[in-house]
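To start, the structure itself, in structure tokens.
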């Protein structure tokens, strides 16, 4: 018999189960097509151009990134329709953004006058026309201008800048990811989308012609896609899912696991595994075990986790176990590469080229 | 007037204040010398060969690493006395460890028979004699063999392996980092060291000749260094300190900060900064603000944190602020490089070469 694929991997390792990821890509692409909305996946989750290309091949019309550094990596790797779904405030980054815009279509969100002036000035210096979206704060209270009149004010302010062009509005209902009840989540998503669409209406009643409204995430997309006026989904986590989002969106497989090795048995039913905080983040709670739901991590330290097993589960030192991360985006960001597994074999090593490129 | 150094840095960034780090290096080196113990800094905190060399120059007699991947990076960069302060269980890693041992002195900790057999077999294949330490569980309950007879049993087992040589004992009192009361911490440190020294005595009464006892961390070193029989400190965090350890060991400056930019003012006294979970970990609590102790982070998301300021503190969009990480080791592990600042100027960019090399 051949060796188990786990034996070939030094742990801790980030394991990508190819077929499960492909199904996730297809599920979301099909949904977007059937609901007649564009799909612009947020690549902050995987930070990997190889995977971004698979999303485009399945029908996505571009990508979202969080930062200029990520935009640079993806542009270098052939992506030419990139939305920075955040503000770029810092002057050194604005300079890089405008430079990049000369090669690829890079759009950015704005929410303050000073930033709009800075962007216009930098674009003017390089003689480019920079396309921007207004981010509307639909309820998260983090970034964005308030809906309605404040957004209209900003739109008029952008209009006066010769080197900027307003092309759309962005909303992000990120505060709803913890709303477990589906009816309540639908109701609250609709309220958020209403703020975005109403803001568009106010703009259009004042001489604008906005039809590009981008929003959503992996746990609200079903509702926002059906809200009249929303034209684009910018979901990210669906590509891999994780222990946290799976509770709400089980239609997506958990396609990435952290592989660890049991290193010690410090007490009755207690085990030490070599996957700690440098292998899986715990900002959304501790990871859980694939195949062993009754095992519970009790302590995570830098290099190790200590877990307690049920009386039935017996493990040996050297045994390799898979964990489901609780927050896949921050976990992927710890690694340089995915080990890709298909049909019980390791088929590739994919570099996470934009890991750490958040500046 | 010249520009402020902060203006030259794209955020979020990891800023190393050179002089503060140098003072930390000197403080610990002086303490070790005065107390007649060796110093073997744990480089898992900084993962940067340039900094490791400064520790050696100040008198350290070698380094500790957590993983084979780190040992490889430091060995490639000229380090030739490396202790892997953990077990190496996985066969693929044992192979790499033995390979590395042919070039540099790489010692490793052991705590189980199966692992000892695996190490001996791999060393035998390459015809090398591998030096090992027994890790004794002095109270942490994570790795290590129980003190006393179980350790003696393991020592005798090692003796039978022709390609292994037992050279010392390791203890790690990591569970005491959260004991804030200094008297209680001293008492508990002494109890841990007693377990280690007693184990050595049992071994020596049975024909062994152990005098190499390595232990300690940045909050217990003062006590363990004075405990008769302890010959080496393996402190790591002192190099930079952090918000968490500073409460207990304020003799070390907080030498590394995370620089962020204010991006939005979502409400009265509320601000958004572009340093989130991909810029600073929160596994030991949220980071705190340098110079603004009354600012409190309320929410950390991937790319942002939202904080509340005191009524007196006013910030502008675009303003750059420094944060003290709550856990420096996991925070450094997020970055590719330090931006090094001295006398108000950026003097270097130092690569964190062993970042993510935990496999």
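The values are calculated or read from the model by the stated rules, or taken from the named source; none is laboratory data. Please read all numbers here as calculations on a predicted model, not as lab measurements. Note that each Cβ is placed from the backbone with ideal geometry, even for glycine, and that neighbours are counted across all protein chains shown.
Some observations on this one:
- Residues of segment B:109-133 that are touching a residue at least 24 places away in the same chain (Cβ under 8 Å) and within 13 Å of chain A (Cβ to nearest Cβ): B:109, B:110, B:111, B:112, B:113, B:115, B:116, B:117, B:118, B:119.
- Residues that are closer than 21 Å to residue B:115 by Cα and either in a loop (DSSP other than H, G, I, E, B) or at pLDDT below 95 (or both) were ranked within segment B:160-207; the one that is farthest from the other protein chains (Cβ to nearest Cβ) is B:162.
- Count of segment B:87-101 residues which are in contact with a helix residue (DSSP H, G or I) (Cβ under 7 Å, 6 or more places away or on another chain), more than 9 Å from chain A (Cβ to nearest Cβ) and farther than 18 Å from residue B:134 by Cα: 2
- Residue check for residue B:61: out of contact with any strand residue (DSSP E or B) (no Cβ under 7 Å at 6 or more places or on another chain) and surrounded by fewer than 24 Cβ atoms within 10 Å (Cβ to Cβ): no
- Matching residues in segment A:162-191 - criterion: being touching a helix residue (DSSP H, G or I) at 6+ places or on another chain (Cβ under 7 Å) and surrounded by 20 or more Cβ atoms within 10 Å (Cβ to Cβ): A:164, A:166, A:169, A:171, A:173, A:176, A:185, A:189
- Once segment B:282-296 is narrowed to residues that are assigned to a loop (DSSP other than H, G, I, E, B) and under 21 Å from the mean Cα position of the chain (by Cα), the residue that is nearest to the other protein chains (Cβ to nearest Cβ) is B:282.
- Among the criteria (1) in contact (Cβ under 8 Å) with a residue 12 or more places away in the chain; (2) under 18 Å from the mean Cα position of the chain (by Cα); (3) over 30 Å from residue A:329 (Cα atoms), the one residue B:312 does not fulfil is (2).
- For segment A:1-16, the count of residues that are in a helix (DSSP H, G or I), under 27 Å from residue B:303 (Cα atoms) and either touching a strand residue (DSSP E or B) at 6+ places or on another chain (Cβ under 9 Å) or more than 10 Å from every other protein chain (Cβ to nearest Cβ) (or both) is zero.
- Residue satisfying condition, being modelled with pLDDT of 95 or more, assigned by TED's automatic domain parsing to the domain that holds residue A:276 and buried (at least 22 other Cβ atoms within 10 Å of the Cβ), within set A:220, A:257, A:214: A:257
Each row is one residue, and each column tells you yes or no for (1) within 14 Å of chain B (Cβ to nearest Cβ); (2) surrounded by fewer than 20 Cβ atoms within 10 Å (Cβ to Cβ); (3) over 17 Å from the mean Cα position of the chain (by Cα).
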{"residue": "A:240", "(1), (2), (3)": "no, no, no"}
{"residue": "A:261", "(1), (2), (3)": "yes, no, yes"}
{"residue": "A:265", "(1), (2), (3)": "yes, yes, yes"}
{"residue": "A:280", "(1), (2), (3)": "yes, no, no"}
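- Any hit, segment B:126-148, residues being part of a helix (DSSP H, G or I) and surrounded by 20 or more Cβ atoms within 10 Å (Cβ to Cβ): no
Listed here are the residues, each with its yes/no results for (1) in the same structural domain as residue A:346 (by TED's automatic domain parsing); (2) surrounded by fewer than 23 Cβ atoms within 10 Å (Cβ to Cβ); (3) out of contact with any strand residue (DSSP E or B) (no Cβ under 7 Å at 6 or more places or on another chain).
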site	(1), (2), (3)
A:28	no, no, no
A:31	no, yes, yes
A:35	no, yes, yes
A:39	no, no, no
A:42	no, no, no
A:45	no, no, yes
A:49	no, yes, yes
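- Single residue of segment B:45-78 satisfying the filter (within 14 Å of chain A (Cβ to nearest Cβ) and under 25 Å from residue B:347 (Cβ atoms)) that is farthest from the chain's Cα centre (by Cα): B:73
- Single match in B:84, B:106 (criterion: within 14 Å of chain A (Cβ to nearest Cβ), within 23 Å of residue B:41 (Cα to Cα) and surrounded by 22 or more Cβ atoms within 10 Å (Cβ to Cβ)): B:84
- Considering residues of segment B:246-259 that are more than 14 Å from every other protein chain (Cβ to nearest Cβ) and either part of a strand (DSSP E or B) or free of Cβ contacts under 8 Å to residues at least 12 places away in the same chain (or both) only, the residue nearest to residue B:320 (Cα to Cα): B:257
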